[in-house]
1. Based on the Cα coordinates of the chain, what is the per residue volume of their convex hull in Å³?
2. Could you please state, rounded to a whole Å, how far the C-alpha centre of segment 125-190 is from the C-alpha centre of segment 1-49?
3. Working out 0.36 nm times the residue gap between residue 63 and residue 198, then minus their Cα-Cα distance, what length gain in nm do you get to one decimal?
4. Given the options 105, 225, 212, which has the most mean-square fluctuation in a GNM of the chain, springs set between C-alpha atoms less than 10 angstrom apart?
5. Tell me whether segment 76-150 comes out rounded, prolate or oblate; compute the Cα gyration tensor, take square roots of the eigenvalues as a ≥ b ≥ c, and use a/c under 1.5 as the rounded threshold.
6. Can you give the extra length, in nm with one decimal, that the chain gains between residue 221 and residue 167 once fully stretched, where that is 0.36 nm per residue apart less the Cα-Cα distance?
7. Taking 7 Å along the Cα-to-C-beta vector as the label spot, tell me the residue 70-residue 132 distance in nanometres, rounded to one decimal.
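Since every read-out is calculated from the coordinates, none of them should be taken as a lab result. Fair warning: this is a prediction, and the values are worked out from it, not measured in the lab. Cβ coordinates were reconstructed from backbone atoms using ideal geometry, including for glycine residues, and neighbour counts include every protein chain displayed.
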């Protein structure tokens with residue numbers, strides 16, 4: 001059964017569509033890599049899936065026990081976010097806010113969950129460190145731990161390795177793949193087609209031509225072949 005179904009989506013701003021006729025579904029445990037040219041609408045899709053903006057047309061359905069507030073999100077980092085003056089513990093724990101409701105404090109279970117996810121990301125020793133003093137790779141692990149506090153089912157990742165050095169990039173990809181093996185559904189935007197080939201089970205290509213299917217189907221398609229040959233930049 002599909003956790004997420006998108007039917008005939010049109011995405012854009014101020015009534016102007018940048019993506020039309022988008023159809024795909026994501027089953028539990030899928031690793032979907034979203035690729036395409038810059039400005040094709042990949043980040044707009046993420047914001048729409050999260051309910052941060054409405055589609056211009058079509059519908060998004062969550063099923064298989066997935067509720068909209070059970071989707072974890074790792075956004076692209078801005079300069080301001082990288083300089084955030086809070087401790088690692090405070091940043092990670094803030095991922096539990098969606099479950100607090102009107103309660104103005106974190107309960108014991110939420111604090112324990114934050115500890116577990118910090119251990120999972122290997123950052124428990126950084127708990128008292130200031131977030132802005134960390135390396136880029138460490139910051140991404142903190143934000144990933146934060147996102148895991150919001151979900152045990154689905155993670156949305158918007159170019160999670162942007163700005164990281166090669167070692168940190170490889171470590172982040174391995175970490176995300178390990179989470180997927182644990183059963184968490186991954187939807188990841190990437191400008192790196194090799195990451196889609198290496199890790200994804202499925203590919204959604206957004207651009208002049210739309211494609212959704214398995215990694216093998218993508219590589220055998222004309223659009224996948226063109227992208228792998230470098231004919232479509234920033235794929």
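1. Expressed per residue, the convex hull around the Cα atoms of the chain is 133 Å³.
2. So the two Cα centres are separated by 21 Å.
3. Working: separation 135, 0.36 × 135 = 48.60 nm, distance 2.79 nm.
Extra length from residue 63 to residue 198 when fully extended: 45.8 nm.
4. Result for the chain, Cα springs under 10 Å: 105 fluctuates most.
5. Prolate is the answer for segment 76-150, as a/c is 1.5 or above and a/b outweighs b/c.
6. This chain segment gains 16.3 nm when fully extended.
7. The modelled label-to-label distance comes out at 3.7 nm.
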